[in-house]
Amino acid sequence: MPVDNRGVVRDSVETNFTEAVAALRPGPARDPGLPVREGTTLTGARCLELFEFQLGSRLLDIAARVLKERGQGFYTIGSAGHEGNAAVAAALRPTDPALLHYRSGAFYLTRSAQAGRPAEEGLRDVLLGLTASAEEPISGGRHKVFGHPELAVIPQTSTIASHLPRAAGVAFAIERARKLGVSCPWPADAVAVCSFGDASANHASALTGLNSAAYAAYQGLPTPVLFVCEDNGIGISVRTPSGWIEAARHPRLAYFAADGTDLADAYDAARRAADHVRERRRPALLHLRTVRLMGHAGSDVEAAYRGPREIAADLARDPLIGTARLLVGAGLATPEELLDRYESARARVLELAEEAAGRPRLTTAHQVMAPIAPRRSEVVAERAAQAAPEERRGAVFERPPENEGPLTLAQSINRALADAMAADPGVIVFGEDVARKGGVYGVTRGLLKRFGAGRVFDTLLDEQAILGLALGSGLSGLLPVAEIQYLAYLHNAFDQIRGEAATLSFFSQGAYRNPMVVRVAGYAYQKGFGGHFHNDDSVTALRDIPGLIVASPSRPDDAAAMLRTCVAAARADGSVCVFLEPIALYHTRDLLEDGDDNWLAPYVPPERWAETHVPVGRARSYGDGRDLTIVTFGNGLRMSLRAAVRLTAEGYGCRVLDLRWLSPLPVEDLVRAAELTGKVLIADETRRSGGVSESVAMALIDAGFTGRIARVTSQDSFIPLGAAADLVLLSEGEIEQAARKLLS
Ligand SMILES: Cc1ncc(C[n+]2csc(CCOP(=O)(O)OP(=O)(O)O)c2C)c(N)n1
């Protein structure tokens, strides 16, 4: 195999390119201002320019392998064969928000130059990503991603297809923000662009993204998103059936197709598609047929699953050779000139790679974690205390909620939502059945009438789509308050919170944020209704997501204050908040006896919001007993308070601590409350395995608590229908019994 003067082996992709270009026959010279070939809109000059980015992208792939071999690089999934995507960037504007496939390297370089940056800047960005340098401009060495705060390129995780729902959300929000007069980072006539692979096109997340854009457009809602399927016919080792992308495309998306190995064809189709989306504000799919060169990634031995003829057929369609053919055919360059250009660019990229390998890396855990979830508690407190001006609030509420008398949990959340919407015109409320019906449990009742369909709307029945809408609109200047109808159904869409929402700040060092509050009706104990799914007691999957705020209000007054905190944290710090609402307590009125109304609470007037502010991660304490601390949350609070009253009547000194926040846990308050009695009973309605009690107990042990700890929990079971539910759920009797045991 040929080796260059740096000791770098040239593989078949390189030798094939040089041989094929050397054999090209120059055509008659054309004016660079004219089409590079009859019938295309791509001029010779533009073609020359784009060739540079295609070449740069290819050389980055070569550099990635060299860096990997030398132990200096950590990522080798390249763009070789996909360089036609330079044409997609060229057909768009550098201000169009872009969510890119990991093979969209030429797109990235093209966009970087379009934004007026010197060509080497784009190359350097990618090389710093390959070497995981802390100087990489978007993720700061946390991942190799395409992204840049000044290029409207939003970094994607490597979970294939998970960015499509967000892309649909961005498109929706471009238009909705404008309509609501809310400032948006994208121009009013922007197009969201989202590229992905052909195997990824089958993923549920991809189908969600495509379908939700089509669904919105079908209803006449402007949804300017250009989906680009970069179809190389294979996903790692699995072939996509021939013709599948076209055959299985969404019937409601305008379809454009091009040979991605022919730059002129790709450019013409990309322009048609981009113009269609920009002018009609409707979604479209651009199907770019590409090839995959250099295997799936550096470690991939392609010959193990692809025959030599198949590999050779892809090589023959190398898009770089295609562009060279256009240029040489139009007499705009000779083969020698292009090969010289290749060699000098190659040497320069390898030089830049060496430089990148010497740049600083992340060196401490603190550095790594810094952008996960910034918390500015004072700013949040200040924001949470701000209500809408009197006259605007007056227009929203016929009667101010503070004058309504004691309210239920559901009513309190409803009033707090209305207050948040009155104060901030960017707050939008959406989900299944939230608008006309006002929510299954009436929590959003009346909001549609008060704020209109532009801000309160029903979505399609797809939790991934709901969260995708939140992801896109949060990123675009709005403040989404999305509802997931039941906790169990959040699991259908977890990746959208875990892989997308929670990671964006991490992978962009806070340059991009997706503030949101996801309200989830959850937990068990619904009387006479439910079974599994409508009664779900598992929050485990939420609690280990770094940076995620999990609020778990139990009482009406806490719920309103905590909702204000979440909305403020989302706005001020870009926080991603999950707001878990106990369904069984939505309409509960009493605590101890029928008619005592002790589970109701008056709505706090705005002038007292500052003094009643509930900071993230602060618990609430009930009672002052010195014998036992019951630590609980959600439905457990009501059961524990009832048990505590009985125990107190018997002369035991009990106190009850409502955690209120399941993430971050209020560890300080917890330890203090535990130390006051030396005995802790954790009353946890979630499951015994992986449930909240495990973390609470460990937090106490970590803090050096040496007293006694016991716990009562629900069983490791799904929840059955009817009265049988009580057999597996934590009960008041169990709390009381365990408390007595600890006290005796
Ligand atoms: C949700 C998810 N499942 C599996 C993977 C592992 N994986 C990474 S790339 C890939 C194939 C993707 O193929 P395709 O969409 O055709 O893109 P290509 O790599 O061919 O450009 C797979 C299965 C992943 N990243 N994400």
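The values are calculated or read from the model by the stated rules, or taken from the named source; none is laboratory data. It should be emphasised that the depicted structure is a prediction, and the values quoted were computed from it without experimental measurement. All Cβ positions, glycine included, derive from the backbone under ideal geometry; neighbour counts span all protein chains shown. Note: areas computed on protein heavy atoms with side chains; ligands, DNA, RNA excluded. Shrake-Rupley method; radii C 1.70, N 1.55, O 1.52, S 1.80 Å.
Observations, loosely collected:
- Protection-proxy order for peptides 44-51, 381-388, each taking the mean of Cβ atoms within 10 Å per residue, highest first: 44-51, 381-388
- Extension gain (nm, one decimal) between Ala365 and Ile236, 0.36 nm per residue minus Cα-Cα: 43.2 nm
- Largest first and in whole Å, the equivalent-ellipsoid semi-axes of the range 299-371 read 36, 24, 11, each the square root of five times a Cα gyration tensor eigenvalue.
- Here the chain carries DSSP beta bridges of which approximately 20% are antiparallel, counting only pairs with both residues inside.
- Beta bridges assigned by DSSP with both partners in the range 554-676 are antiparallel in approximately 40 percent of cases.
- Rounded FRET efficiency, nearest 0.05, which uses the C-beta distance separating Met698 from Arg450 and R0 of 56 Å: 0.80
- Charge sum, other residues only, whose C-beta stays under 11 Å from Thr713's C-beta, Lys/Arg counted +1 and Asp/Glu -1: -3
- Within a straight-line Cα-Cα reach of under 27 Å, Lys144 can be paired with the following lysines, leaving aside sequence neighbours fewer than 8 residues apart in one chain: Lys68.
- This model, with +1 at the C-beta of Lys and Arg and -1 at the C-beta of Asp and Glu, gives the chain a dipole about its Cα centre of some 520 debye.
- Accessible surface of the chain, 1.4 Å probe, proportion on carbon and sulfur as whole %: 52
- Antiparallel DSSP beta bridges within the range 465-585, percent to nearest 5: 5
- Inter-label distance, nm, simple model (7 Å from Cα along the C-beta direction), Ser689/Glu310: 4.0
- For Phe74 and Gln219, a Förster radius of 35 Å and the Cβ-Cβ distance give a FRET efficiency of 0.20, rounded to the nearest 0.05.
- Charge dipole (the chain, unit charges on Cβ, about Cα centre) - positive-most of Ala470, Phe53, Ala703: Ala470
- Cβ crowding within 10 Å averaged over residues, with 585-598, 489-502, 607-620, 561-574 ranked highest first: 561-574, 489-502, 607-620, 585-598
- Cα-based reach from Lys679 at 23 Å (exclusive), listing lysines while leaving out same-chain residues under 8 positions away: Lys741
- Ala724-Thr159 FRET efficiency (beta carbon distance; Förster radius 25 Å; 0.05 resolution): 0.10
- Calculated mean residue ellipticity at 222 nm for the chain: -12000 deg cm²/dmol, from DSSP H runs with n ≥ 4 weighted as -39500 (n - 2.57), summed, divided by the residue count and rounded to 500.
- Whichever aspartates and glutamates have a C-alpha closer than 20 Å to that of Lys179, once near sequence neighbours (fewer than 8 apart) are set aside: Asp96, Asp189, Glu279, Asp424, Asp458
- Sorting the segments 346-357, 445-456 by their residues' average number of neighbouring beta-carbon atoms within 10 angstrom, most packed first, yields 346-357, 445-456.
- Solitary cysteines of the chain, where the nearest other Cys Cβ is not under 4.7 Å: Cys47, Cys184, Cys194, Cys229, Cys654
- Counting only protein heavy atoms and a 1.4 Å probe, the range 487-581 has 23 square angstrom of accessible area per residue.
- Considering only Leu592, Pro553, Phe579, and ranking their Cα positions along the charge dipole of the range 529-601 that arises from unit charges at the beta-carbon of Lys, Arg, Asp and Glu, the one farthest toward the positive end is Phe579.
- Charge dipole (Cα centre; +1 on Lys/Arg Cβ, -1 on Asp/Glu Cβ; no other charges) of the range 676-744 amounts to roughly 300 debye.
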